[in-house]
Amino acid sequence: RKLGVALVGLGSYATHQLAPALAEAQHCYLAGIVTGTPEKAEEWKKKYNIPDKNVYNYETYDQIADNPDIDIVYVVLPNSMHAEYVIRGAKAGKHMITEKPMAISVEECDQMIAACKEANRKLSVGYRLHFEPHNKEMMRLGQQQVFGPVKKISGADSFKIGDPDQWRLDKELAGGGPLMDVGIYCVQGACYTLGKEPTAITARFGEVTDPKKFDEVEETIIWQMEFPDGVTADFVSSYNQNGAKLRAEAENGWFELDPAYGYDGLKGETSEGKMDFPQVREQTLQMDDFALCVRENRESIVPGEMGRRDMKILTAIYEAARTGKKVQLT
Ligand code: NAD
């Protein structure tokens, strides 16, 4: 049978990406929902044929423990709520996926990992790009040194943010600005292109052009990650420009994605020509893989430990920007 997934938080990503992706999945399906909005519950029940008994709100959430239809719970709430809902889900005996960033501190990541270990449940982060062919090619070209050792990485992940009242601009809910939201894809990109972790970080905040909008989180951040053997990765992430790029320069050539991190329309090129890969439904592949991990009792390739690693790097980037000092990671 297909494993049942319950989505927690029926916002934009759950509505427009995860639910349609689940409808195409082979090994799992949308079995339940957790929402604070009764009108959304009605709409989703009809649209996805979800029985009343598989509909929860944030108060009744823990009762999901008694529901055998739900194997996996996927937390798609604002960043600062991931930890609580993952821990409660694990205690209810469910395998857990959390959206990125995993949480808003390394301590929370530790608690989430511990809760899932304690309950003997699996934990994964919604890092969909590990299942996307262009990004997988970046991993192959970099890690297998197809163009020789990579010397330098660069890129960006930015978008122009709209509504000034959204949670992404609220430090308490978001944990930070564009770095937490999309800059995390640059951090990921550097780590998976090299197959390594950074050893040190330098960073600075960019200019603030709208101090009212950006009174809690950064508007722009620029950082450099140092990797072993003198390899560097330079990135910018901003809420006031557009761009999503990942580029690697190696000893005997280069390879890049532009745009690099989206759900579709990704394009890649190397010093030997254009990449030619199909566009896939990333989230379907990601959730099907996790369902197989649960069924076959193997660890996800995007486990909680990876989310924790990234949270440690993001925290170091903020510290480096705040202090103006180089932050050592190892
Ligand atoms: P959203 O604002 O569209 O949805 C958030 C949901 O949380 C809403 O349904 C809202 O009602 C609910 N919610 C519950 N309590 C809330 C509170 N106190 N404040 C605000 N909302 C509250 O956001 P989204 O874009 O769907 O993002 C949700 C999560 O998914 C975030 O962690 C985000 O980083 C992640 N995300 C990941 C991707 C990806 O490509 N992997 C893409 C978009 C979002």
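Here, each number is a calculation from the coordinates, and none is a lab measurement. Just so we're clear, the structure is a prediction, and the values are computed from it rather than from any experiment. Every residue, glycine among them, receives a Cβ derived from its backbone with ideal geometry; neighbour counts consider all protein chains shown.
Structural remarks
- Residue count for the range 239-285 satisfying the condition of being out of contact with any strand residue (DSSP E or B) (no Cβ under 8 Å at 6 or more places or on another chain) and either surrounded by 14 or more Cβ atoms within 10 Å (Cβ to Cβ) or assigned to a loop (DSSP other than H, G, I, E, B) (or both): 12.
- Residue 199 satisfies every condition listed in (1) surrounded by 19 or more Cβ atoms within 10 Å (Cβ to Cβ); (2) away from the ligand (no atom under 15 Å from the Cβ); (3) among the β-branched types (Val, Ile, Thr) except (1).
- Within the range 139-182, restricting attention to residues that are touching a strand residue (DSSP E or B) at 6+ places or on another chain (Cβ under 7 Å) and of a type in the set (A, V, I, L, M, F, W, C), the residue that is nearest to the ligand (Cβ to nearest atom) is 182.
- The single condition from (1) buried (at least 20 other Cβ atoms within 10 Å of the Cβ); (2) within 23 Å of residue 181 (Cα to Cα) that residue 305 fails is (1).
- Condition met for residue 314 (closer than 24 Å to residue 133 by Cβ and not charged (D, E, K, R)): no
- Filtered residues of the range 49-88 (kept if charged (D, E, K, R) and surrounded by 20 or more Cβ atoms within 10 Å (Cβ to Cβ)): 71, 88
- Yes/no for residue 213 being among the basic types (Lys, Arg), under 19 Å from the mean Cα position of the chain (by Cα) and at negative phi: no
- Any chance residue 119 is within 13 Å of the ligand (Cβ to nearest atom) and of a type outside the set (Ser, Thr, Tyr): no
- Selection status of residue 236, under 21 Å from residue 254 (Cβ atoms) and part of a strand (DSSP E or B): yes
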